[in-house]
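Notes follow the structure.
No lab work stands behind these numbers, since they all come straight from the coordinates. Note that this is a predicted model, so its numbers are computed, not measured. Quick reminder, even Gly has a Cβ in these numbers, built from the backbone with ideal geometry, and neighbours come from all protein chains shown.
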Amino acid sequence: MKVMKFGGTSVGSVNSIFTIKQIVGSEKEPVVVVVSAVSGVTDLLIKTSKLASAGDMAYLKEYQEIRSKHDILLNGLFSDETLAAVQCGVDQMLDELGNIFKGLYLIQDCSSKTYDTVVSYGERISSYFISKFLEVTLFDARDFIKTEEQHGKHIVNFKQTGLRVHEAFASAPDVTVIGGFISSSVATGETTNLGRGGSDYTAAILAAELEASILEIWTDVDGFMTADPKVINNAYVIEKLTYVEAMELCNFGAKVIFPPTIFPAFHKNIPIRIKNTFNPYSSGTYISSDKPANGESKSIKGISSISDTSLITIQGLGMVGVIGVNYRIFKALAKAGISVFMVSQASSENTTSIGVRSADAKAAVKVLLEEFKLEIEMGEINKIFAENDLATVAIVGENMKRTPGIAGKLFGTLGRNGINVIACAQGASETNISFVTNVNSLRKALNVIHDSFFLSDYQVLNLFLTGIGTVGGSLLDQIKQQQPLLMAQNGLKLNVVGIADINKAIFDRDGLELEGYQERLYKEGIHTSPALLKEEILKMNIFNSVFVDCTASAEIASLYKYLLEHNVSVVAANKIAASSSYNKYMELKNLARKKGIKFLFETNVGAGLPIINTINNLINSGDRILKMEAVLSGTLNFIFNTISADIPLSRSIKMAQEARYSEPDPRIDLSGKDVIRKLVILAREAGYQVEQEDVIKNLFVPDKFFKGSLDDFWADISEMDSDFEARRSVLESQLKRWRFVAKMENGVCSVGLQEVTASHPFYDLEGSNNIILITTERYLQYPMMIKGYGAGASVTAAGVFADIISIANIR
Ligand code: ADP
Ligand code: ASP
Ligand code: MG
């Protein structure tokens with residue numbers, strides 16, 4: 001025999017009830033069908049009784065809602081001939097209910113006994129009309145599910161229940177329908193219930209007593225998922241769970257099944273299958289005692305959480321080594337009927353923290369203050385207090401037992417994402433690690449854990465991109481193009497969650513559609529500023545997030561510190577931060593290291609050329625950088641390769657700007673400022689403490705051209721043309737070329753114009769290319785040489801892209 005339980009949504013629509021008929025009808029074995037109340041009805045019953053007993057006439061509207069929910073179903077399910085009779089049976093119960101509500105309204109009170117009666121109507125009505133629709137016998141669970149009272153709660157009396165179930169089902173027909181959730185008191189026979197979500201439990205009790213072949217829980221999801229699908233959109237169905245795993249998960253808020261459901265099935269070794277009424281052919285989740293084979297499954301099976309957590313802490317040096325403190329804590333709480341779901345005590349014993357539901361927190365503190373009144377007066381215990389607005393998260397899996405490093409990975413992941421762990425606990429059974437955090441970090445915590453334990457088929461990086469000029473725009477194009485490939489080949493999902501230019505910003509935590517983003521940014525974007533951008537990013541509090549700066553703005557660069565402090569990695573094409581004061585540069589680098597995140601700026605020097613990474617690799621492997629000589633300005637190299645008898649200096653500068661090699665203001669390049677910034681960054685990465693002011697300058701454009709406005713500059717610069725051409729033709733006749741060279745030797749830095757002969761490696765440097773020669777202890781006689789495009793939007797964007805991808809590898 002099978003026991004099949006259909007939940008609220010499964011009995012909530014005409015179509016789904018037709019599906020139930022098909023499912024039950026196609027069963028070969030005898031079936032006990034347990035049904036919940038129609039979805040939303042239990043909530044409405046509670047709401048209506050609250051309103052009525054508070055003397056609020058609005059209860060009538062809610063009562064009508066209950067009526068009409070049922071009317072719609074009856075009209076859809078029954079033909080004209082049968083409708084009247086069924087409607088009459090349902091109306092009779094609804095009328096009784098209406099009278100009870102009226103009574104509540106008049107006396108303005110609702111005892112727990114009346115409350116239990118009111119909520120029983122949900123299942124009484126649903127089971128009645130479903131039995132009529134299936135044309136099978138209806139049983140009333142109150143006849144055999146018997147409860148007794150403990151700490152004000154109704155607990156199943158298994159002995160009485162067992163006897164009566166056997167009696168009731170001794171000669172039951174092949175198919176029966178029973179309303180779940182409801183029960184009655186052994187002592188008084190009054191209507192009671194098994195608690196919210198209790199229909200699952202009714203079904204489990206029946207399955208155990210009747211030794212069913214299987215207990216099927218039919219609901220509105222495909223099975224037990226790796227996390228609540230309403231929070232984690234890439235959660236997926238877990239094929240198999242052990243009873244222990246299922247228990248751990250549902251006990252911690254995975255609402256798929258009511259936690260007490262597992263035990264009766266476990267006790268009699270009856271497998272449970274979770275099935276979806278709305279997708280009946282999917283195989284669902286199978287719960288049994290089968291242990292996962294070694295290496296067969298993931299180290300953790302699922303994540304669950306409860307948000308209404310309070311942590312009660314009992315603190316005092318006088319507790320250390322004293323026997324019986326914990327005994328008294330739990331005794332006092334148990335006496336008050338307060339359930340404790342997590343305990344955390346450091347081995348120093350001077351604090352014990354316990355997790356309780358928020359609704360119990362006040363009472364728990366009161367009870368404990370009374371229990372330890374004497375100790376508090378004596379100063380042995382100095383504090384008992386509650387922290388509220390917390391959430392508890394548990395990771396679950398029997399395979400954790402065999403896998404070292406799970407806790408390390410869990411807390412490492414949380415730390416890198418700036419999620420503070422307030423308390424944690426792991427039982428010696430090692431099937432569950434739980435921790436408490438702030439409720440506003442819950443979503444983020446669930447996401448990072450899901451992501452980092454590879455529960456997801458892919459990893460996610462959430463990007464905020466600012467600056468959509470040539471580099472930023474090109475980067476977005478590359479991301480758009482690569483997204484499918486990265487997902488398919490590397491299991492990496494690049495989610496662009498924010499795009500901002502100087503005026504406008506758009507955000508979407510689920511990822512922005514990159515097709516046509518410019519138009520949407522312009523039309524739908526909110527007005528932004530660096531401060532607002534920072535606020536939005538923090539407000540979103542999204543996991544694995546990376547801030548990508550493709551601007552040249554000092555204001556944006558000034559946000560890095562704050563972002564890194566909040567565990568957002570930074571990838572900068574912008575050179576301002578890394579070339580600002582040495583202290584500031586070190587502060588950002590150290591901050592990133594401390595937080596376990598990244599601050600990357602490979603494209604600050606040589607665009608997409610792997611220069612900074614190479615220097616880092618050399619140093620990490622024990623080499624020492626002695627000397628660097630480089631052409632680092634694409635713009636200047638372009639200018640010196642372009643000027644000729646026909647193209648004067650001023651024209652070549654204009655051409656560099658038009659080809660978008662130069663900074664928006666080309667004076668930054670001509671004044672050597674851009675090269676100085678790059679050289680300073682290189683020297684620092686090579687291990688030398690250098691400031692921009694330390695760099696010796698040998699410039700070719702006199703200072704006076706940099707004094708006025710940009711317009712003045714364009715107006716005046718042609719003054720240099722004739723003199724420069726004279727010098728150039730001499731140089732040409734000597735078969736030499738000009739290169740603007742940056743040099744660092746043992747920490748001493750200089751930039752300046754240098755004449756190079758044909759035998760010099762810099763002589764043939766074409767177009768806007770860059771070159772660097774790195775002399776190290778190991779590359780001493782023949783320096784290492786890196787050469788290639790040193791400017792341009794697409795190579796720079798590719799370098800930024802590479803930095804972003806490298807962040808995906810930090811786990
Ligand atoms: P029913 O009315 O059928 O008893 P419930 O609403 O009680 O259904 O339980 C099913 C719901 O549980 C799902 O719709 C889903 O939102 C929620 N849920 C929470 N955690 C999980 C999880 N880990 N896996 C599947 N569902 C979950
Ligand atoms: N109808 C009850 C509730 O909503 C029991 C159940 O659905 O399992 O809590
Ligand atoms: Mg349920």
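Equivalent-ellipsoid semi-axes for the range 701-811 (Cα gyration tensor, √(5λ), whole Å, largest first): 32, 23, 15.
If you wrap the Cα atoms of the range 532-579 in a convex hull and average its projected area over all directions, you get 3.0 nm². So which lysines pass the test for residue 504, namely a Cα distance under 20 Å, with those fewer than 8 places away in the same chain ruled out? Cross-link targets: 523, 534, 539. Computed from the alpha carbon atoms alone, the convex hull of the range 355-478 holds 176 Å³ per residue. Measuring max minus min along each principal axis, the C-alpha atoms of the chain give extents of 114, 73, 55 Å (largest first).
What is the Rg over Rh value, at two decimals, for the range 81-145, using alpha-carbon atoms and the Kirkwood definition of Rh? Checking Rg against Rh, the ratio lands at 1.05. Only alpha carbons enter this Debye calculation for the range 644-728, each as an equal point scatterer, and the log10 of I(q)/I(0) it gives at q = 0.11, 0.12, 0.23 Å⁻¹ is -0.37, -0.43, -1.15. Mean separation of Cα pairs under 8 Å and 6 or more residues apart, divided by the residue count, gives the chain a relative contact order of 8 percent.
Starting from the range 470-570, pick out the GluC sites (Glu not before Pro) whose DSSP state is loop and whose Cβ has at most 14 other Cβ atoms within 10 Å.
In loop regions of the range 470-570 (DSSP not H, G, I, E or B), the sparsely surrounded GluC sites (Glu not before Pro) are 513, 515.
Per the Cα gyration tensor, the range 432-570 maps to an equivalent ellipsoid with semi-axes of 25, 20, 13 Å, ordered largest to smallest. Mean residue ellipticity, 222 nm, helices only, the chain: the sum of -39500 (n - 2.57) across DSSP H runs of n ≥ 4, divided by residue count and rounded to 500, is -12500 deg cm²/dmol. Against the empirical curve 2.2 N^0.38 Å, the C-alpha radius of gyration of the range 189-281 lands at a ratio of 1.09. With Rh defined as the Kirkwood radius, the inverse of the mean 1/r over Cα pairs, the Rg/Rh of the range 1-96 is 1.05. An ellipsoid equivalent to the range 712-770, defined through the eigenvalues of its Cα gyration tensor, has semi-axes of 24, 18, 11 Å when rounded to whole angstrom and sorted largest first. The Cβ shell under 15 Å around residue 623 holds other residues with a net charge of +1, Lys and Arg each +1, Asp and Glu each -1. Beyond 29 Å in Cα-Cα separation lie the following of the pairs 21/240; 575/743; 589/704: 589/704. Under 16 Å Cα to Cα from residue 366, which aspartates and glutamates show up? Leave out anything in the same chain fewer than 8 places away. Filter leaves 375, 377, 387. Ignoring aspartates and glutamates fewer than eight residues from residue 409 along the same chain, the ones with Cα atoms less than 14 angstrom from its Cα are 451. In this structure, the pairs whose alpha-carbon distance is over 20 Å, taken from 268/298; 444/493; 61/132; 47/102; 146/275, are 268/298; 61/132; 146/275. Centre-to-centre, using Cα atoms only, the range 733-786 and the range 190-246 are separated by 71 Å. Working from label points 7 Å from Cα in the Cα-to-Cβ sense, the residue 389 to residue 401 distance is 4.1 nm. With the biggest extent put first, the Cα atoms of the range 497-629 measure 53, 28, 26 Å across the principal axes.
Dividing the Cα convex hull volume of the range 512-551 by residue count, how many Å³ per residue is that? Each step should come with its number before you reach the end.
Working: hull volume 4.1 nm³, N = 40.
Given the Cα convex hull of the range 512-551, per-residue volume reads 102 Å³.
Computed over the Cα atoms of the range 588-640, the ratio of the radius of gyration to the Kirkwood radius (Rg/Rh) comes to 1.07. The percentage of C-alpha pairs in the range 434-515 whose separation is greater than 17 Å is 55%.
Taken over the range 752-811, the alpha-carbon convex hull comes to 135 cubic angstrom per residue. For the range 734-783, trypsin sites (Lys or Arg not before Pro) meeting the loop criterion (DSSP other than H, G, I, E, B) and having at most 14 other Cβ atoms within 10 Å: 778.
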